[in-house]
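Q: My questions will all concern the structure given below.
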Amino acid sequence: MKILLHICCAPCALYPYHRLREEGFDISGYFYNPNIHPYQEYRKRLMTVHDFSKRVDLDVQYRDEYDIDNFLKRIVGMGSFRCEHCYRMRLSAAGEAAKKNGVGLMTTTLLYSKYQQHDLIIGVGKEAASDHGVGFYYEDFRLGWRKGINESKSMGLYRQQYCGCLYSERERFEKTRWVFQQDSVKT
């Protein structure tokens, strides 16, 4: 059976890709991530997906638009609800691509990350798939978290330190600053 795998980044794609192969799926990839900031980060992730796809012989459709303006218009002022809008934007595009390419089933590597809002991704994924007349395949890819990390390191893939958007990058540094401040208080 054919399945379209929305790919947020190569390290997150490793475990889902292998699991789907084990289940006998004919996988095609789809890269569309207008949330990634800054542009250099976007290019690094895009090129790492290119590298990964060549290594495993995965056909990937790239919607290579740095659509940051549209993304920011949708999420500015949304606070913690920004992630839902981000998921909807990307998974709706994936559902549309699956339908257009005659693929009856879709899933996403977003289901791999322990840092994403798992239940929200499931709901948005099912809705996006249904809106485009395709099915949504769910598997808890987080079970392979450590395995995927180890494999991405052994492959020498670029590994990012935040989800992708400007806000997640800021939160990464705010957490670091908070830990640093706490350590300073202890001394």
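Q: Evaluate the range 117-124: report whether one residue or more is among the hydrophobic types (A, V, I, L, M, F, W, C), touching a Gly at 6+ places or on another chain (Cβ under 9 Å), in contact (Cβ under 8 Å) with a residue 24 or more places away in the chain and surrounded by 22 or more Cβ atoms within 10 Å (Cβ to Cβ). First the steps, then the outcome.
A: Applying the first criterion (among the hydrophobic types (A, V, I, L, M, F, W, C)) to the range 117-124 yields 120-122, 124.
If we keep only those that are touching a Gly at 6+ places or on another chain (Cβ under 9 Å) too, we end up with none.
Within the range 117-124 (the criterion being among the hydrophobic types (A, V, I, L, M, F, W, C), touching a Gly at 6+ places or on another chain (Cβ under 9 Å), in contact (Cβ under 8 Å) with a residue 24 or more places away in the chain and surrounded by 22 or more Cβ atoms within 10 Å (Cβ to Cβ)), the answer is no, since none of the residues qualifies.
Q: Out of the range 84-103, which residues are surrounded by fewer than 22 Cβ atoms within 10 Å (Cβ to Cβ) and more than 16 Å from Gln61 (Cβ to Cβ)?
A: Result: Glu84, His85, Arg88, Met89.
Q: Sticking with this structure for a sec: Scan the range 37-56 and tell me whether some residue there is farther than 24 Å from Ile149 by Cβ, charged (D, E, K, R) and surrounded by 14 or more Cβ atoms within 10 Å (Cβ to Cβ).
A: For the range 37-56, residues farther than 24 Å from Ile149 by Cβ, charged (D, E, K, R) and surrounded by 14 or more Cβ atoms within 10 Å (Cβ to Cβ): absent.
Q: Also, quick follow-up: Leu143 fails exactly one of the following numbered conditions: (1) at pLDDT 90 or above; (2) surrounded by 15 or more Cβ atoms within 10 Å (Cβ to Cβ). What is the number of that condition?
A: Only one criterion in (1) at pLDDT 90 or above; (2) surrounded by 15 or more Cβ atoms within 10 Å (Cβ to Cβ) is unmet by Leu143, namely (2).
Q: Here's a follow-up. Given Val60, Val134, which one is in contact with a Ser or Thr (Cβ under 6 Å, 6 or more places away or on another chain) and at pLDDT 90 or above? Working first, answer last.
A: Values: Val134 fails: in contact with a Ser or Thr (Cβ under 6 Å, 6 or more places away or on another chain).
After ruling out the rest, the residue left standing is Val60.
Q: Separate question: Among (1) touching a strand residue (DSSP E or B) at 6+ places or on another chain (Cβ under 8 Å); (2) free of Cβ contacts under 8 Å to residues at least 12 places away in the same chain; (3) not β-branched (Val, Ile, Thr), which single condition is Arg90 missing?
A: In the conditions (1) touching a strand residue (DSSP E or B) at 6+ places or on another chain (Cβ under 8 Å); (2) free of Cβ contacts under 8 Å to residues at least 12 places away in the same chain; (3) not β-branched (Val, Ile, Thr), Arg90 misses (2) alone.
The values are calculated or read from the model by the stated rules, or taken from the named source; none is laboratory data. Everything quoted here is computed from the prediction, not taken from an experiment. Backbone-built Cβ (ideal geometry, glycine too); neighbour counts: all protein chains shown.
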